[in-house]
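Data block below; observations after.
The values are calculated or read from the model by the stated rules, or taken from the named source; none is laboratory data. Because the structure is predicted, anything quoted here is derived from the model rather than measured. No Cβ is skipped: glycine too gets one built from the backbone with ideal geometry, and neighbour counts run over all protein chains shown. Accessible surface is based on the protein model in full, side chains and every heavy atom, while ligands, DNA and RNA are left aside. Shrake-Rupley method; radii C 1.70, N 1.55, O 1.52, S 1.80 Å.
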Amino acid sequence: MDTAFAVTNYVLGSTDAEHERLTRQAKTLEPYTERLFRDAGLGRGQRVLDVGSGVGDVALLAASLVGGTGHVVGVDRDAITLAKARSWASAARATNVRFVETDLANLQIDGHFDAIVGRFILMFLPDPIATVRSLAHRLRPGGVIVFQEPSWNGFFSQTQHLPLRTACGELLCEAFRRTSARPNMELTLFRGLFENGFEAPQLRVEIPMATDPQGRRWVYDLLVTMRPRFEELGIASDAVGDFGTLAERLEAELETTRSYAPLVGLVGAWARKPQIHT
């Protein structure tokens, strides 16, 4: 496998519990991802490639934007998650989306696309810029590439008054770094588009502020997913105390400070492939 595409020591795993967490996370992030896709130009009748589909949330969102005259192909290397993606697409009666088990290094799909999208996938690849370069060959001239990736810098900018939530974020980022993932993708995304010849890359960073119960528990849910890897990675979790009471203490911290709960910063980047002039 090309090392540019080999997924890092993927810290989040592929358990049923993680799939359920991804679905909860998708509901929280959907308004931000949908707005990003619309602003980037996704619309009716387009053919879209969703990279790193997982359980299919982003692909289904894209399918709703392109409508019945459009089509979405979601690709992932994990057969288990794709089985769930197909099941959920069937339940949603999304007939304009299909999922293909394939590796990014050797995409088993035909044709070119009007748009290539992905969320929280490039951060786990050893060479995101090389990945963007390879994917560009699958994009038609004038087509758009759009990715949404994390900015933990944005998260920490909003947790200075929340020491326990800050400690949770620091644990998560340390686990990402020790598995060679990138917690902050702002500059990497911009360079990935600019250095691969895309015209006028657009970049935005926004930090969702959760006030609903699901959003307020987002950091805790992610920490529970990653906790089994801490010992293997040599990470001590003493800074957050007893996990048995962590959810309650995080909530109490918000109540005491009368605070919102920041989610991870969302880096949205998009650009169009240059037209071919003859």
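Listed by position, the strands (runs of 3 or more DSSP E) contained in the range 1-120 that have at least 3 residues being surrounded by fewer than 20 Cβ atoms within 10 Å (Cβ to Cβ) are 97-101. Among all positions in the range 90-101, there is no residue which is free of Cβ contacts under 8 Å to residues at least 60 places away in the same chain and closer than 30 Å to D238 by Cβ. In the range 140-199, what residues are open to solvent by 10 Å² or more (accessible area, probe 1.4 Å), out of contact with any Lys or Arg (no Cβ under 8 Å at 6 or more places or on another chain) and among the β-branched types (V, I, T)? The answer is T166, and nothing else.
Output the number of the condition that A130 fails; it satisfies all remaining conditions of (1) farther than 19 Å from L193 by Cα; (2) surrounded by 15 or more Cβ atoms within 10 Å (Cβ to Cβ); (3) aliphatic (A, V, I, L, M). Failing condition for A130: (1).
One residue stands out in the range 258-278 among those that are closer than 20 Å to Q214 by Cβ and in contact (Cβ under 8 Å) with a residue 12 or more places away in the chain: the one that is surrounded by the most Cβ atoms within 10 Å (Cβ to Cβ), namely V264. Of the residues in the range 162-180, at least one is polar (S, T, N, Q), under 26 Å from E248 (Cβ atoms) and modelled with pLDDT of 95 or more.
Restricting the first member to the range 49-70 and to residues that are hydroxyl-bearing (S, T, Y), and the second to residues that are open to solvent by 10 Å² or more (accessible area, probe 1.4 Å) and outside any helix (DSSP H, G or I), the beta-carbon pairs closer than 8 Å and six or more apart or on different chains are S53/D76; S53/F99; S64/A94; T69/R44; T69/G45. Could you please let me know if F230 is open to solvent by less than 40 Å² (accessible area, probe 1.4 Å), closer than 24 Å to D16 by Cβ and in contact (Cβ under 8 Å) with a residue 12 or more places away in the chain? Yes, satisfied.
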